Amino acid sequence: MKTRFSTLDIMCVVNEIQKYKGMRLQRVYDIDHKTYLFKFQLNNEKCVLLLESGVRLHVTNYEWTKNEAPSSFSMKLRKHLSNKRLEKLTQMGFDRIIDLQFGVGDAAYHVILELYDKGNIILADKDYIMINILRPHTEDEKQKFFVKEVYPNSRPKNRLNPPTEDFLIQILKTAKPLTNLKKFIFSNFPNCLDYGNCLLEHMLIRGGFSTKTKIGVEFNIDTDIQKLMNCFSIAEKFLDNITTLKEGFIIQKIDRQLLPDGTILCTNQEYHPFLFAQHRNLPSKTYESFNEAVDEFYSNLESQKYDVKCMQQEKGAVKKLQNIVKDHEERLKKLQDAQDEHKFKAELITNNLDLVDNTIQFVRQAVAKQLHWDEIWDMIRQLNFEDDGCTYAIVKNLKLGVNHITLQLFDPYNEENQNEDNSQLIDIDLGQSAFGNAQRYYGSKKQSAIKEKKTIDSSSTVLKMAEKKTKQTLKDMQVVASINKVRKTYWFEKFYWFISSENYLVIAGRDAHQNEVIVKRYMKSSDIYVHAGFSGATTVLIKNPTNQIVPPATLNEAAVMAISYSVSWSMKINLQNAFWVKPEQVSKTAPTGEYLTTGSFMIRGKKNYLPATHLILGISFLFKLEDSSVPRHANERKVKGIECEGMDNIAENNDEFENIPSENESDEDLEKNIELENKETPYIVNDDDENAEVKTNNKHEEKDKDEEKELKSNYETSKNVIDMTSIPNCNNTCESVEKSNSVSSDSDGDNDNELNEVNDLDKKNETVKPLILKRGQRGKLKRIKEKYKDQDEDEREMRIKLLHSSMNEDKKLKRAKKKDKKNKKSTDKNKATGNKQIFIKPLPMLLEAPNDTIQFEVQKEPIKKFEDNENSEDDETDKPTDLTETQMLDSLTGIPYAEDELLFAVPVVAPYTALTNYKYKLKLTPGNTKRGKASKTCLNLFLKDKTSTTREKNLMKSVNVQDIARNIPNGVKLSAPSLSKVLNK
């Protein structure tokens, strides 16, 4: 099979790629340590150039799996070549070296691709000084290929002239008789090295020779020299016209060893820009260009290897069945031969009863006299076993240790007694008579006959079972092969991932680089960023395509993921708190004088801490549904509502649940309710006064503080009864806050300083926990709601703006005034003007940070949006659209039905609560079992499930064990009902 480009291939592909000159390089990716993708674009035209060191160069139309983290060599190429035009693409000399020039003048750079030996890729500047090199080395102790060295322009060799007739004759005369002409020419003429093996064979065939022609036999120097010269002319003419070739060809090979189902295998062997003479009678495929043929050849190479592997496995299964049949036949034959042998021995003994008895008596007497072995043998030799000149018995061996002797008996009724075919070596038991020994052999013959009958009786069953098992094996292999071909690798599978119980996709980075990719490439404004809060933990992102509020259950499951993929798992630390923030709070901009490492981000504003989580994951399988089966699983994963067990009893005792949102309650009323239920003293704004000041209502200050404590205590005791709920548009009076700006009520001007740090309003996507009001508080809420019922959103925003301006203008004045004077002044102004009051008090987040008070932050530097830079790994085409993402999630189910049409299975590791309703699940907690063993145990457990269908088993079998293990944390403990009982069956 062809493995790399020849000089002819390079000439053709360089000629075809010339049309892409002038395109601008957008991005460089690496597939592996020696294969790279160069993505070009010009207006609406795009192309991807694939370079593999030492192997190939061509434009590809296939999707290639890129490395999760770009290599340092890729990063260097990106740094120097991004957005530069491809100015030149040339073959250096007549060698397997290609020079790609990017940019012009002093800004020019060269990428030199070597396609021979071990290969190499070199990045050089305009003067060919090497900036970076894929494989640094030294050649011939003179040419050094290292950074800052100059690439030797004398390295590429040039095209040689064809040999003259005199030179040909001179060299051919040195050849030994019977030497192969092709091999001799290839090793003695440098031109033929440039031609390559294919062109050499082509020119010989076209010149009238065969590839097996021998010098001195089919080739004569005197008479055939002109024909050989004509062969060289054919090759030179071919090279001169190679740029005119427009097509490409793939030479194939058909495997003639057919399986029982008649399957044949056709594999690609070689690719060429021309259909050479030696390939005329071979199966081949024609393509519009040589580049297309090369792209097709290498893109199908892996699938072809897989097909060959499947073919070999199928042959192995068929051969195993054939071996079973053959073994069965051999066993029957041995039993039949044993019967014949035992019968023949018994008959020989019966025909020589007297002779055998005399021999037994003689040996018994000799042994009884305790004679030496040599003396016994001498006595045996003197025995006369002859009758009428014919020999009927010969003692061959003495086995006195087991009380046996070996006789060679002849049939006395056969005229040719000395014929070996009529004799048999028979073991005679000295403890029995001749008749007894005959009976013993008849008994053995009978036992063999019984075994033969049993074998024949069971043969049909055994063969049928073996044939059925083989057919099932072949069927399973075909299913696995078809699944692997249909199987689509989703974009999120390169990360840690799962689908929440409420149908949100959650992804997390495997390393620092993937953390960068998740934030820079995949995080949108509606998503949620979750983190464990300590160094080394992974970045978790909740994808939110619907732009609605992410419900609490999904947040908690994301928190479990964030904690589990951290050091907490290996250290077995439970009950850790993760937090969530909005995308605009995540920045790569470090504070002045500080530096953020790869995968680290700056979180600005309030961190919304989630409940402490346990380290409990689960492993399961999701099944890809065919489109017609998707509607059957509608709303399989949906947002959970408020689940308040015992709510009626609590309502009877407390009678204060008005703040729990109802279906008929408007967002505006809900926001006002929440605003008035805050635990802080409300702030009052006089919006008609030019020098408006913020005051605290001291009249009920102490009373409100007492109520605040009661509310907090009531909330803490009831939070286990009432689940968290999502309330839309509830954060219209506060922005994110910093922990460092705490509230203090002991110093003058504290309330003012607080309000100086109020940010602009954010009216989207916040959640709170409903408060339980005690008796008497509901009436207060009703009175306040009635007082501010006429206030609309525009008025609210206007008053907040006035608040900001008044705070800035009177900052010094407010600090100088005492608290009691300010309160009195505020009361007098309110009475005089009759101005309305608005509440700008901050609202609680889903869960506040422990022991933190309400804080505010003025964002002094803008949050920078992440832009596509050289560290980005994925192309824009990798970004899923919202609609595509939602449809994709709906087509994956963990609860397959018997009537579903399933395409393939996808292993998933997720928080155990997300797998509650899944058909197959296994609990994972920190332990000592390695991930490889855990994945095998998991698969075995699922395959032994009595409720699993054949299709489900086949789909799970088709999954690679490594794919199951890659998302399992290191060191786990497996838990499942009757796990040991099931696995020991």
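The values are calculated or read from the model by the stated rules, or taken from the named source; none is laboratory data. Predicted model, so just to flag it, every value in this text is computed and none were measured. Counting neighbours? That spans all protein chains shown, and the Cβs are built from the backbone with ideal geometry, glycine included. These area figures cover heavy atoms from the full protein model, side chains too; ligands, DNA and RNA do not enter into them. Shrake-Rupley method; radii C 1.70, N 1.55, O 1.52, S 1.80 Å.
Just to verify a result, which residue in region 538-577, among those that are touching a strand residue (DSSP E or B) at 6+ places or on another chain (Cβ under 6 Å) and among the small types (Gly, Ala, Ser), is nearest to residue 615 (Cα to Cα)?
The qualifying residue nearest to residue 615 (Cα to Cα) is 564.
Here's a check for you: in region 374-395, which residue that is at pLDDT 75 or above and open to solvent by 80 Å² or more (accessible area, probe 1.4 Å) is farthest from the chain's Cα centre (by Cα)?
Among them, the one singled out is 375.
Among the numbered criteria (1) closer than 25 Å to residue 510 by Cα; (2) among the charged types (D, E, K, R); (3) part of a helix (DSSP H, G or I), which single criterion is violated by residue 973?
Going through (1) closer than 25 Å to residue 510 by Cα; (2) among the charged types (D, E, K, R); (3) part of a helix (DSSP H, G or I) one by one, residue 973 breaks only (3).
Looking at region 502-522, which of its residues are under 17 Å from the mean Cα position of the chain (by Cα) and among the small types (Gly, Ala, Ser)?
Across region 502-522, the qualifying residues are 508, 509.
Can you list the strands (runs of 3 or more DSSP E) found entirely within region 55-138 that contain at least 2 residues being open to solvent by 20 Å² or more (accessible area, probe 1.4 Å)?
Per the criteria, 86-91, 130-133.
Looking only at region 7-42, how many residues end up being assigned to a loop (DSSP other than H, G, I, E, B) and either crowded, with 21+ Cβ neighbours inside 10 Å or within 27 Å of the chain's Cα centre (by Cα) (or both)?
2
Could you pull out the residue among 171, 185 that is closer than 16 Å to residue 200 by Cβ and touching a Cys at 6+ places or on another chain (Cβ under 6 Å)?
185
Filter region 139-176 down to the residues that are open to solvent by less than 70 Å² (accessible area, probe 1.4 Å), farther than 27 Å from residue 235 by Cβ and part of a loop (DSSP other than H, G, I, E, B) and list them by number.
Result: 151, 152.
Residues 641, 618: which one is at pLDDT below 85 and small (Gly, Ala, Ser)?
Residue meeting the stated conditions: 641.
Any residue in region 906-920 that is within 11 Å of residue 499 (Cα to Cα) and touching a residue at least 24 places away in the same chain (Cβ under 8 Å) sitting within a Cβ distance under 6 Å of a residue that is open to solvent by 20 Å² or more (accessible area, probe 1.4 Å) and basic (Lys, Arg)? List the pairs, counting only those 6 or more apart or interchain.
Correct list of pairs: 915/921.
List the pairs whose first member sits in region 13-41 and is under 26 Å from residue 272 (Cβ atoms) and modelled with pLDDT under 95, whose second member is in a loop (DSSP other than H, G, I, E, B) and among the basic types (Lys, Arg), and whose Cβ atoms are under 7 Å apart, counting only residues at least 6 apart or on separate chains?
Every condition considered, the pairs that remain are 31/66.
Filter region 497-540 down to the residues that are aromatic (Phe, Trp, Tyr) and without any contact (Cβ under 8 Å) to a residue 40 or more places away in the chain and list them by number.
If the condition is that a residue be aromatic (Phe, Trp, Tyr) and without any contact (Cβ under 8 Å) to a residue 40 or more places away in the chain, then 534 is the only one that fits.
Taking the condition in contact with a strand residue (DSSP E or B) (Cβ under 8 Å, 6 or more places away or on another chain) and without any contact (Cβ under 8 Å) to a residue 40 or more places away in the chain, does residue 583 pass?
So residue 583 does not fit the description; no.
Being out of contact with any Ser or Thr (no Cβ under 9 Å at 6 or more places or on another chain) and over 30 Å from residue 242 (Cβ atoms) narrows it down to one residue among 39, 76; which is it?
76
What about residue 421, is it modelled with pLDDT of 85 or more and either open to solvent by 60 Å² or more (accessible area, probe 1.4 Å) or not hydrophobic (A, V, I, L, M, F, W, C) (or both)?
Taking the combined requirement at face value, the residue does not satisfy it.
Just checking, how many residues over region 447-470 are among the charged types (D, E, K, R) and surrounded by 13 or more Cβ atoms within 10 Å (Cβ to Cβ)?
Result for region 447-470: 4.
Filter region 590-632 down to the residues that are under 27 Å from residue 967 (Cα atoms) and among the acidic types (Asp, Glu) and list them by number.
Of everything in region 590-632, just one residue is under 27 Å from residue 967 (Cα atoms) and among the acidic types (Asp, Glu), namely 626.
Can you tell me how many residues in region 178-194 are buried (at least 17 other Cβ atoms within 10 Å of the Cβ), among the charged types (D, E, K, R) and within 15 Å of residue 209 (Cα to Cα)?
1
Out of curiosity, is residue 909 at pLDDT 90 or above, of a type in the set (A, V, I, L, M) and either farther than 22 Å from residue 978 by Cα or outside any helix (DSSP H, G or I) (or both)?
yes
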